[in-house]
Amino acid sequence: MKILSTKRLLLEEAILNDAPFILELVNSPNWLAFIGDRGIHTLADAKKYIQESLIYSYQENGFGLYKVSLKSTSTPIGICGFLKRDYLDKPDIGFATLPKYEGKGYTYEAAKAIIQYGLNYLNLETILAITTKANIKSKKLLIKLGLVPKDEILDTKEKDYWYL
C-alpha cells in the first residue's frame, strides 16, 4: 500500500515479495555495522522478518518501516519510517539505504517526508531518533532533519548506548 511520494521517491508498505531486496539491505555493510546482524541469511528469513517485523508493525502500531523506491524505475533502495521500541515512550524514525544509493540525498528526502507524514497524518506530537555513537552520517542527517541531540540511553537488549 502506497504511503506517500516525493519528487523522486515512493514510500509504501513492504510485502513478502520484497524478500530479495530486504535480504540484500539487512546484509549490507552499514546495516551490519550500525544496526546489527539480525540473522537474516535466506529468502525465507527475509520473508519472516517482513511478516513478523514490518507487516506486524503496520497492523499493530499503524505505522512501521516502509520500502523506499525510486519513482522513475520502481527500484527499491531502502527503508524509512517509524518504530515503536519497548524502551522509548514515543515512536522513533529509522532508515537504511543500499550502499549504491547513499550520498544522493534519497535518505534525507524520504526521512523529511516521513517526519511530515508522522506529524500531519499520524498526529505524532514527538518523534524520537536513536543512533550509535559511531554512526556519524546518521547523526548528521538527524540534525539536518531538525532533530536535536538530547541524551544517551542504554538499550538493555543490545547492551549498547545510543544517542537520543
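The values are calculated or read from the model by the stated rules, or taken from the named source; none is laboratory data. Only a predicted model underlies this, so the values are computations on that prediction, with no experimental measurement involved. Because the Cβ atoms are built from the backbone with ideal geometry, glycine has one as well, and the counts that use them run over all protein chains shown. All accessible areas refer to the heavy atoms of the entire protein, side chains included, with ligands and DNA or RNA removed. Shrake-Rupley method; radii C 1.70, N 1.55, O 1.52, S 1.80 Å.
To keep it simple, each residue is scored yes or no on (1) farther than 21 Å from residue 31 by Cβ; (2) aliphatic (A, V, I, L, M); (3) touching a residue at least 60 places away in the same chain (Cβ under 8 Å).
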position: 84; (1), (2), (3): no, no, no
position: 90; (1), (2), (3): yes, no, no
position: 93; (1), (2), (3): no, yes, no
position: 99; (1), (2), (3): no, no, yes
position: 105; (1), (2), (3): no, no, no
position: 109; (1), (2), (3): no, no, yes
position: 117; (1), (2), (3): yes, no, yes
position: 126; (1), (2), (3): yes, no, no
Problem set entry | Answer from 131, 97 - the residue that is buried (at least 19 other Cβ atoms within 10 Å of the Cβ) and closer than 17 Å to residue 150 by Cα | 131
Seminar exercise, completed: Across (1) part of a helix (DSSP H, G or I); (2) open to solvent by 30 Å² or more (accessible area, probe 1.4 Å); (3) modelled with pLDDT of 95 or more, residue 114 clears everything bar (2)
Exercise. What single numbered condition from (1) touching an Asp or Glu at 6+ places or on another chain (Cβ under 7 Å); (2) under 20 Å from residue 125 (Cα atoms); (3) not β-branched (Val, Ile, Thr) fails to hold for residue 92?
Worked result: (1)
